[in-house]
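The values are calculated or read from the model by the stated rules, or taken from the named source; none is laboratory data. Nothing here was measured: the structure is a model prediction, and the numbers come from that model. When we count neighbours, we look across all protein chains shown, and the Cβ atoms used for this are built from the backbone with ideal geometry, even at glycine. Calculation scope for accessible area: heavy atoms of the full protein, side chains included, ligands and nucleic acids excluded. Shrake-Rupley method; radii C 1.70, N 1.55, O 1.52, S 1.80 Å.
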Amino acid sequence: MPQFESTVFWGMAGTGAIVTVLWAAAAAVIPTAWWGADGVGPIMLLAAPLIVIRVLDSALVNQLRALEDSKSLATYSTVRRYAALALVVGVLFYVQRGLVGFYAATIAVELGALTVLMFWMHRGRPFPSVRNLSKPLYLSLAAFGLPMLGTEVSNVILTMSDRYIIQMKLDATSLGIYAASYNMCDYIRAALLGAMVSAAYPTCMR
């Protein structure tokens, strides 16, 4: 288990860090004309830390799934979502309106939640050590996960394409109303179904 945990945590951390750096470099050098609007490049640069944060979040959450600890997983997912909603709304109304405030609040919440989860999962036992990282195991994990990239990309396209269609056919205000209501419904869905999905998923994958 120490070798497995170290390989998953540090292997995914390294991979996520590399992609984050590449993303940030691309956001810094791509011409503004390519983005189609002013200010998109800096926003993409600001959002870059979310890559490695969410990669590590996935690494830890998947371990909770493997342990079939649905109570902890549901609690963590629900608290994180509502904390993100509260902070984002607070920042947008009282500190900084716009995408800068949105992404800054999101990064703060997700980094804080990830830190709490890391220390909670390893309470009373050593934190995963880089020395326990196994190259053969990492390569096996990568070989297993790489084909799933198509599934992840397809899911993003299905989830986000409706927003682009609304933006093109209607306007930004209509898109904002749609996105806000969509996200609120998604939070309710997660709160109601999170525990059941977390309990059923390991059984189906066994």
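Couple of notes before you dig in:
- Summed over qualifying helices (DSSP H, 4 residues or more, each -39500 (n - 2.57)) and divided by its residue number, the chain shows a 222 nm mean residue ellipticity of -28500 deg cm²/dmol.
- For Tyr82, solvent-accessible area (1.4 Å; no DNA, RNA or ligand), Å²: 100 Å²
- Listed peptides 52-58, 15-21 appear in the order 52-58, 15-21 once ranked by packing, highest mean of other Cβ atoms within 10 Å at the front.
- Between segment 24-99 and segment 186-206, the alpha-carbon center distance in angstrom: 21 Å
- A straight chain from Ala37 to Asn62 at 0.36 nm per residue would run longer than the Cα-Cα distance by 5.3 nm.
- Accessible surface area normalised per residue over the chain is 65 Å², counting heavy atoms of protein chains with a 1.4 Å rolling probe.
- Across segment 9-116, the mean sequence separation of Cα contacts (distance under 8 Å, 6 or more residues apart), normalised by length, yields a relative contact order of 27 percent.
- Apportionment of accessible area to carbon and sulfur, the chain, percent (1.4 Å): 71 percent
- Cβ crowding within 10 Å averaged over residues, with 127-134, 141-148, 59-66 ranked highest first: 59-66, 127-134, 141-148
- Solvent exposure ordering (accessible area, 1.4 Å, most first) of Ser77, Ser6: Ser77, Ser6
- When the alpha carbon coordinates of the chain are projected onto the principal axes, the ranges are 51, 41, 33 Å, largest first.
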